[in-house]
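The values are calculated or read from the model by the stated rules, or taken from the named source; none is laboratory data. Please read all numbers here as calculations on a predicted model, not as lab measurements. Using ideal geometry, Cβ is built from the backbone for each residue, glycine included, and neighbour counts are taken over all protein chains shown. Heads up: the accessible areas ignore ligands, DNA and RNA and are worked out on the full protein's heavy atoms, side chains in. Shrake-Rupley method; radii C 1.70, N 1.55, O 1.52, S 1.80 Å.
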Amino acid sequence: MTIKRLGIVGSGIMGSGIAEVAARSGHEVILRSRQQETADAMLAGMEKSLAKQVERGKLTAEEQADAVSRVTVTTDLGDLAECDLVIESIVEDLHAKRHLFNELDRICGEDTILATNTSTLPVIEMAMETGRPERVCGLHFFNPAPAMPLVEIVRPLIASDDTMAEVRAFAEACGKSPVEVKDRAGFIVNALLFPYLNNAVRLLESGVASKEDIDAAMKGGCGFPMGPFALLDLVGLDTSLSILEALYEEFKDSNYAPVPLLRRMVTAELLGRKTKRGFYDYHK
Ligand SMILES: NC(=O)c1ccc[n+]([C@@H]2O[C@H](COP(=O)([O-])OP(=O)(O)OC[C@H]3O[C@@H](n4cnc5c(N)ncnc54)[C@H](O)[C@@H]3O)[C@@H](O)[C@H]2O)c1
């Protein structure tokens with residue numbers, strides 16, 4: 001099956017980015033948000049992001065209009081019934097995701113592939129909430145989705161070869177470079193990245209250096225495009241905490257145990273760019 005019609009659940013940082021990627025590459029996109037205002041804001045944000053690409057000469061005004069015309073937003077999950085593929089990109093919480101997979105399984109046609117954009121959670125747990133576990137996999141985009149070429153395709157133990165081939169073809173049609181990985185917490189990138197980010201917070205907490213100097217050191221010394229605190233603010237501190245908790249739950253390795261400062265910042269709602277304050281201030 002060729003994937004033409006994509007459903008997305010969740011209109012946060014990643015849901016919006018994936019919608020833009022898929023619409024730009026010619027797919028029909030139906031994005032479900034729980035609130036109409038959020039859905040409308042997401043559409044406006046996407047138009048703005050595409051307009052910037054037109055300004056930079058990466059897209060024509062006609063392509064921009066076409067991409068926007070391919071996206072519809074809804075608050076009704078039932079509108080995703082006819083999709084070939086649904087990608088959920090809601091909060092990184094296993095209970096919420098399992099509940100959603102159960103609902104999607106009842107709503108969507110039996111051939112629809114149900115995928116999760118989870119960063120770390122066990123995909124098999126979502127698959128087993130459905131009557132089609134062989135049609136469930138992980139499709140992990142990176143942030144910001146329009147700019148990052150990688151997609152991790154996560155293969156749960158009982159996913160079918162057809163499912164894996166169809167989502168790979170979809171990722172490639174979106175212009176992405178997929179890699180396949182087993183259903184193990186953190187997959188490839190986050191299993192390697194999050195001990196580093198967590199230990200950066202540990203360094204800061206122990207007073208070894210300022211956040212600015214730690215960021216400058218990792219940019220200047222390792223050639224990273226941004227330092228760990230700028231990256232944590234981009235990912236979102238709540239999402240980062242959930243990722244570390246899922247990694248710790250799976251491996252019980254102290255490198256994954258969230259540093260107390262990170263937890264305190266999440267409690268204080270200092271979540272990074274999305275709340276305009278995290279390690280840095282984004283109010284200006
Ligand atoms: N932020 C990143 O860098 C990044 C990168 C790759 C993957 N992810 C993954 O993508 C998913 C979404 O992350 P995000 O960064 O877009 O988060 P976000 O906080 O920007 O958005 C989460 C969305 O989920 C919605 N939501 C919360 N609880 C819900 C529920 N019970 N039912 C339905 N919707 C609910 C929120 O209203 C919000 O629109 C997570 O699984 C995350 O791990 C995040």
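In a residue-by-residue description of segment 35-57, the property of being within 12 Å of the ligand (Cβ to nearest atom), more than 15 Å from the chain's Cα centre (by Cα) and in a loop (DSSP other than H, G, I, E, B) applies to at least one position.
Against the condition exposed (fewer than 15 other Cβ atoms within 10 Å of the Cβ), under 17 Å from the mean Cα position of the chain (by Cα) and closer than 30 Å to Gly186 by Cβ, how does Pro149 come out, does it pass?
Yes.
Which residues, taken from segment 195-249, are outside any helix (DSSP H, G or I) and of a type in the set (S, T, N, Q)? Of everything in segment 195-249, those that are outside any helix (DSSP H, G or I) and of a type in the set (S, T, N, Q) turn out to be Ser206, Ser210. Looking only at residues in segment 91-109 that are more than 13 Å from the ligand (Cβ to nearest atom) and in contact (Cβ under 8 Å) with a residue 24 or more places away in the chain, the one that is nearest to Glu249 (Cα to Cα) is Asp105.
The set of residues in segment 275-284 being open to solvent by 30 Å² or more (accessible area, probe 1.4 Å), modelled with pLDDT of 95 or more and either touching a helix residue (DSSP H, G or I) at 6+ places or on another chain (Cβ under 8 Å) or not basic (Lys, Arg) (or both) consists of Thr275, Tyr280, Asp281, Tyr282. For segment 254-272, the candidate set comprises residues that are open to solvent by less than 60 Å² (accessible area, probe 1.4 Å) and in contact (Cβ under 8 Å) with a residue 40 or more places away in the chain; within that set, the residue that is nearest to Ser89 (Cα to Cα) is Gly272.
For segment 101-136, a residue qualifies if it is open to solvent by 10 Å² or more (accessible area, probe 1.4 Å), not β-branched (Val, Ile, Thr) and not in a loop (DSSP other than H, G, I, E, B), and the qualifying residues are Asn102, Glu103, Asp105, Arg106, Glu125, Pro133, Glu134, Arg135. Considering only residues that are within 11 Å of the ligand (Cβ to nearest atom), not aliphatic (A, V, I, L, M) and not in a helix (DSSP H, G or I), look in segment 1-34 and name the one that is farthest from Gly109 (Cα to Cα). Only one residue fits best here, namely Gly12.
If the condition is being open to solvent by less than 60 Å² (accessible area, probe 1.4 Å), of a type in the set (D, E, K, R) and within 16 Å of the ligand (Cβ to nearest atom), then segment 203-253 contributes Asp233, Asp238.
The number of residues in segment 175-194 being within 16 Å of Val259 (Cβ to Cβ) and surrounded by fewer than 20 Cβ atoms within 10 Å (Cβ to Cβ) comes to 1.
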